[in-house]
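The values are calculated or read from the model by the stated rules, or taken from the named source; none is laboratory data. Since the model is a prediction, treat every value here as computed from it, not as a measurement. FYI the Cβ positions are ideal-geometry reconstructions off the backbone, even for glycines, and counts take in every protein chain you see. The protein model used for the area step is the full one, side chains on, heavy atoms only, and it has no ligands, DNA or RNA in it. Shrake-Rupley method; radii C 1.70, N 1.55, O 1.52, S 1.80 Å.
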Amino acid sequence: MSAPNSAPTATAPTIVLVGHGMVGQRFLEGLVERGVTERARVVVLCEEPRPAYDRVQLTSYFSGRTAEDLSLVEDGFMARHGIELHLGDPAEHIDRAARTVTARSGLTVAYDSLVLATGSYPFVPPVPGKDSRGCFVYRTIEDLLEIEEYAKNCSSGTVVGGGLLGLEAAGALKGLGLTTHIVEFNPRLMAIQVDEGGGAALRRTVEDMGLVVHTGVGGKEITANADGAVSAMALSDGSSIDTDLVIFSAGVRPRDQLARDCGLTVGERGGIAVDERCRTSDPAVFAIGECALAADGRVYGLVAPGYEMAVVAADEIAEASRESGFTGADTSTKLKLLGVDVASFGDAHGTAEGCLDVVYADSRAGVYKKLVIGADGALLGGVLVGDAESYGMLRPLTGSVPPVAPEQLVLPAGLGAPAAIGPSALPDEAVICNCHNVTKGSIRSAVTDHQCATVPEVKKCTKAGTGCGSCLKALTTLVNDELEASGVSVDKGLCGCFSYTRAELYEIVRTLRITSYAALLDSHGRDEARSGNGCEVCKPTVASIIASLAPTVGASGYVLDGEQAALQDTNDHFLANLQRNGSYSIVPRIPGGEITPEKLIVIGEVARDFGLYTKITGGQRIDLFGARVDQLPPIWARLVAAGFESGHAYGKALRTVKSCVGQTWCRYGVQDSVRMAIDLELRYRGLRSPHKLKSAVSGCARECAEARGKDFGVIATSNGWNLYVGGNGGADPRHADLLAQDLDDEQLIRLIDRFLMFYIRTADRLERTSAWLERIEGGLDHVRDVVVDDSLGLCAELEALMADHVAGYRDEWAETLEDPERLRRFVSFVNAPGAPDPTVKFVPERDQVKPDLTILSGPSIPVRTLEGTASR
Amino acid sequence: MTMAPERIDVRVELLIDQRWFAVCDLSDLIPGRGVAALLPDGTQVAVFLDRTGQAYAIDNRDPFTGAYVLSRGLLGSLGERPFVASPLLKQRFDLETGRCLDDEGVAVQAYAARTNDGVSAQVA
Ligand code: SRM
Ligand SMILES: Cc1cc2nc3c(=O)[nH]c(=O)nc-3n(C[C@H](O)[C@H](O)[C@H](O)COP(=O)(O)OP(=O)(O)OC[C@H]3O[C@@H](n4cnc5c(N)ncnc54)[C@H](O)[C@@H]3O)c2cc1C
Ligand code: SF4
Ligand code: FES
């Protein structure tokens, strides 16, 4: 592209960037923003075979993100701004006198300004055997590709280094199915970020996940087998680990060799020395990012300070005035390591004079939170492990005296802590997005001055939220607050078809007794949506509302009747769960998890006769996978004949009520939990709701049924039952809160009736009880007022609605089997009802079957010709 | 709704190699939903009926997962244009053109479709 030895001309100065990593790309964007690319030639020498990508999210490659997903460079960015990018061609030599850089290919470019953004390299400790086959580092996409390939033939792996990156690498190995060891020289994990208490909480959680942690020891020697491949690692305490693979993650070192070779000043412990303007000892050369030793004498191993340097350097080169240079940065971090939230910010170790700690620790739950409070009461920093929910709020408060007592900031919700202080309580100078150093003030002005009307627009305008993403929650709240304050009504409508929320639509359907989706769309839809086809969001939502209210508004309770059939998601439409290859799974109801041997035998026989993959679920019942759509009716005919009914595993409806064995058998039990679980499951079966509903009943406080992880959970006491509500497992677990104590059977059921109907009436689409309880104004106290103390006078109505539901319940599968018109839908092909779908195929796996996915990978597959079958 | 079995053979036909090919009866379709059908060469198509009674057909294969399931998605409209949302990962496809509305680079084949009462069936 560019001619070698091209000389800089007076009109178009040349800027050369060495290293196209995260900071390099931010620097290029900085040049573009300042219009520099329009008047200067920009040349980028990039060592890696691909343009800049998001190294911070590197590990997400293992959870399915592709190399393209990770790219940081917008399509066409280089071409649009005339930037010359040389991939796979690292700079090898700098001649400062001649002001030229020479790359490996021989390309020599003369520069006016040279910017070094070469990042770091992983430090590999000088352990004997470190070069054996199977030893890796964890820095680039190429490293990950190699690890992934090599791990296919391994059963165990070891990560040397238990810091931030080490834990990520360990998580990746675990995800690849290896038995994983972590070897850390320090006495605790993540020694830099967390203190002793935090390290202990972290360790417990990491060990609970099945990883083996060795702290306070170093790797002494790596032994290889006859082929030169890693087989074991000896540790400094004399022990040894069998391991097939080793990842070194023992810290990074700045890549300053180029700078050393051309005589630039480097720090004693490495790093290219720069001043506040990011200039090295040669004013024509800049260094930014992880390769630089900043003016405060530190090398920053995080992306946010690097981005700040990139902006400073771009300013310098653009000769834009800038009040402050780069004098140091905050090293706060929030990560989700192996699924554990870990955050540290500010003076996490409490080094300031006279500071004091406020600590909350719950080792059972693996939660540890510490705040460091200065002598004047200001928040100086902190460590959060296991629950970093409040990080987004706490970090911007750093440096100021918090508006509430510090102990209230660490107590978990539901333990007397006040509603978390929202972003509205923060001053304008508070930094909301740490990655891009965006203050609350800039976010507000993006809305007020730059007319951004949505979160994505604000992200684009300010860059806030486009780094690690940890500030997104606070950002969304701020943007919505600001929009509302400036009189813009935030569209809270359900979807493009309705400007009402789900709760509002529920009220409309209930009071106007609307039984048809089309009628609701035409009368209450947005103007532009009326008489259209609706959409995939509101159809199932309205179907669910009509189903919950069916007996009350006079609609058919059967979800496949008439128009209702056209509204259901595929799962509800076929009364089974869709699987990845287009087959379906079947989950018969097993109330309370109690089942007779005869019924178990029937399930076994059905699974055997239809070749279904069989698995015990986490919900105390049995899932049968791999049925074709046309097999569902014959399978269910046998199940229904044996007394089974639909388990609604496919619906946003009641799923299971789990139980422990209870008083009947257990020596500790104080109530009959099995009977209560069965009663509850039979009472609420078929109840359709905004999201799925789960429950459990435990026979004593030992809580073997995990009732506090459920939407409504019941725990026996010697006087009756305690009712807990708003529990959740899943991605964002929450323990249920106590709603009422020592209830007798009748009181318990009445209260659950009211609670469920109040939730169904007021929750948003796909909002579990946990999220609903946290969102609604007044929270648990409000719900208690309404359903226990009847503050709104609604209780009688809520109970009547539930009574209607209970009386109207009929098994969906039994009803379906009775009606030939309904059964007509269960065919693979409308014009070949007898023909099975040839793409639903299975291959063997551990004595059972699994989907044959190879069949789905091609653009089309050869299929037996079915000439003639089309004309019936 | 009027799903009464009228049975006056109204056919749903697709234009395949310049010929109209009957895939099913109109009464096999529910407005707002689809069915899967086989073409003579074994290709799977997804056939839909919208609220106004207009029929559409696109490939049954969901290009995002490879599974043959588009016929089981829900219909919707974006402005005037009808679409189906894949039942697996919910990407939407324009029923007239087959273009994916959530990913510009992706499209499935769309077929011309019509309903025909069988009287004027002599369209070559
Ligand atoms: C089969 C089962 C896994 C297993 O083999 O054990 C399972 C399988 C699925 N779960 Fe689950 N979950 C199963 C127990 C659980 C549990 C454990 C429990 O219920 O005690 C949880 C955590 C508890 C909870 O829900 O709070 C659980 C949390 C989820 C979540 C996360 C929900 C959340 O609020 O965060 C989803 C996603 C969702 O519903 O949106 C989910 C979604 C799914 C779906 C429906 C995903 C999908 O849309 O295809 C899976 C369907 C399987 C199928 O096709 O049959 N599954 N899932 C379990 C069935 C239990 C049953 O008998 O009905
Ligand atoms: C797995 C992982 C997780 C991380 N998680 C976080 C996190 O959660 N938060 C956080 O703040 N930071 C995190 N980091 C650190 C973050 O990625 C770095 O701080 C950031 O990438 C530094 O940017 P950089 O541009 O200075 O260096 P890099 O992104 O490393 O880019 C330097 C580039 O220069 C190239 N190069 C080097 N020498 C030459 C040469 N002579 N010629 C041409 N090119 C050359 C290199 O090949 C590389 O592509 C993580 C890092 C890793 C590896
Ligand atoms: S955890 Fe649940 S949703 Fe996730 S893959 Fe397993 S079964 Fe599916
Ligand atoms: S703090 Fe990382 S994106 Fe905002």
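What residues does region A:829-853 have that are buried by at least 20 Å² of accessible area in the full protein assembly compared to the chain on its own, 1.4 angstrom probe?
A:F829, A:V830, A:N831, A:D837, A:T839
With charges only on Cβ, +1 for K and R and -1 for D and E, what is the dipole size of chain A about its Cα centre, in debye, rounded to 20?
Computed about the Cα centre, the dipole is about 1360 debye.
Hey, can you grab everything whose amide H is under 5 Å from the amide H of A:G686? Only 5+ residues off in sequence or another chain; H modelled, so Pro and N-termini drop out.
When sequence neighbours closer than 5 places are left aside, the close amide H contacts are A:L654.
List the residues, sorted by chain then number, that are 5 or more residues from A:G381 or on another chain and whose placed amide H is less than 5 Å from its amide H.
A:D347, A:V372
Can you list the HN-Hα couplings for region A:725-740, worked out from phi with the Karplus curve (6.51, -1.76, 1.60; θ = phi - 60°), rounded to whole Hz and with x for Gly and Pro?
Along region A:725-740, the couplings run 9, x, x, 7, x, x, 5, 10, x, 8, 7, 5, 9, 5, 9, 7 Hz.
Probe radius 1.4 Å, ligands and nucleic acids ignored: give me the carbon and sulfur share of the accessible area of the protein assembly as shown as a rounded percent.
For the protein assembly as shown, the apolar C and S fraction of the accessible surface comes to 50 percent.
Which of the peptides B:24-31, A:816-823 is most tightly packed, and how do the rest follow, judged by the mean count of other Cβ atoms within 10 Å per residue?
Packing proxy ranking, top to bottom: B:24-31, A:816-823.
What is the helix-to-structure angle for A:472-485, meaning the angle in degrees between its Cα long axis and the longest Cα principal axis of chain A, kept from 0 to 90 and rounded to the nearest 10?
80 degrees
Below 13 Å, Cα to Cα, which aspartates and glutamates can A:K370 reach? Residues fewer than 8 away in the same chain don't count.
Excluding near neighbours in sequence, the set is A:D195, A:E196, A:D347, A:D357, A:D362, A:D387, A:E407.
Amide H to amide H, which residues 5 or more places from A:E92 or on other chains are under 5 Å from it, using H placed in the peptide plane?
A:T102, A:A103, A:R104
Rolling a 1.4 angstrom probe over the protein heavy atoms, how many square angstrom per residue are accessible across the protein assembly as shown?
Spelled out: the 1.4 Å probe surface of the protein assembly as shown, per residue, equals 43 Å².
Computed on protein heavy atoms with a 1.4 Å probe, what is the summed buried accessible area for the chain pair A and B, in Å² to the nearest 100?
3500 Å²
Which residue fluctuates most in the GNM of chain B (Cα springs below 10 Å): B:D103, B:D59, B:D41?
Residue with maximal mean-square fluctuation among B:D103, B:D59, B:D41: B:D41.
Hey, if you put +1 on the Cβ of every Lys and Arg and -1 on every Asp and Glu Cβ in the protein assembly as shown, which of A:V36, A:F498, A:A98 ends up farthest toward the positive end of that dipole?
A:F498
Return one number: the angle in degrees, 0 to 90 and rounded to the nearest 10, between the long axis of the Cα atoms of helix A:538-553 and the longest principal axis of the Cα atoms of chain A.
30 degrees
Antiparallel DSSP bridges in chain A: what percent, to the nearest 5?
Close to 65 percent.
Pull up the cross-link candidates among the lysines for A:K694, meaning alpha carbon to alpha carbon under 21 Å and not fewer than 8 places away within one chain.
A:K615, A:K652, A:K658, A:K710
For the protein assembly as shown, with the dipole built from +1 on Lys and Arg beta-carbon atoms and -1 on Asp and Glu ones, taken about the Cα centre, which of A:F286, A:Y300, A:Q848 lies farthest toward the positive end?
Sorting the options by dipole projection puts first A:Q848.
For chain B, give the magnitude of the charge dipole about the Cα centre (Cβ charges: +1 Lys/Arg, -1 Asp/Glu; no others), in debye to the nearest 20.
200 debye
Between B:G98, B:G53, B:G73, find the one with the highest GNM mean-square fluctuation for chain B; connect C-alpha pairs within less than 10 Å.
Ranking B:G98, B:G53, B:G73 by mean-square fluctuation puts B:G53 first.
Calculate how steeply helix A:141-151 sits against the longest principal axis of the alpha-carbon atoms of chain A, using the helix alpha-carbon long axis, and give the answer as 0 to 90 degrees to the nearest 10.
Roughly 60 degrees between the two axes.
Once phi is turned into ³J(HN,Hα) by the Karplus curve 6.51 cos²θ - 1.76 cosθ + 1.60 with θ = phi - 60°, what whole-Hz value does each residue of region A:449-460 show in order, with x for glycine and proline?
8, 9, 6, 6, 10, 9, 4, x, 5, 5, 4, 5
List the residues of region A:515-560 that lose 30 Å² or more of accessible area once all protein chains are present, compared with their chain alone (1.4 Å probe, heavy atoms only, no ligands or nucleic acids).
A:N533, A:E536, A:K539
Heavy atoms only, probe 1.4 angstrom, no DNA, RNA or ligands counted: give me A:K220, A:K369, A:K152 ranked by accessible area, highest first.
From most exposed to least exposed: A:K152, A:K220, A:K369.
Is there a simple number for the mean count of other chain Cβ atoms within 10 Å of the Cβ of residues in A:575-581, and what is it?
The per-residue average across the peptide is 3.
Among A:296-302, A:273-279, A:543-549, how do they line up from the highest to the lowest mean number of other beta-carbon atoms within 10 Å?
A:543-549, A:273-279, A:296-302
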